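For reference, the structure is listed below as structure tokens.
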Amino acid sequence: MVLLAAMLLVTGSSCIYLSSPKQLWCRQPLPAFGRYLGSVLLMGSFILLWLPYQPVVAVAVWLTGTMCALVVLPYSGAALQLRRRRTHG
């Protein structure tokens, strides 16, 4: 259950990041629906974390995981764009 929550958390954060106009992974950002889908996936991961853990632990794990995912995604996009520039140019 915790593994499923982690997968939903990363997928939801990715959807939110990819729907941002400043994202660096795709040529075009996802439509606004991506933000809503990401929010639903993040809430699903929160509910799945709430079940096996105590409430305070679930909130701490969810906030830490979401923060880590939303920090790593832009940096990995910048690294990907730098790699593309070196290969093509």
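Values quoted throughout were computed directly from the atomic coordinates according to the rules given, and no laboratory measurement underlies them. Computed from a predicted structure; not experimentally measured. Every residue, glycine as well, gets a Cβ built from its backbone with ideal geometry; the counts of neighbours run over all protein chains shown.
For the reader, a short list of remarks on this structure follows.
- Using alpha-carbon coordinates, inclination of helix 55-88 to the longest axis of the chain, degrees: 10 degrees
- Computed FRET value (nearest 0.05) for V56 with R27, which takes r as the C-beta separation and R₀ as 41 Å: 0.45
- Counting only alpha carbon atoms, the long axis of helix 33-50 and the longest principal axis of the chain meet at about 30°.
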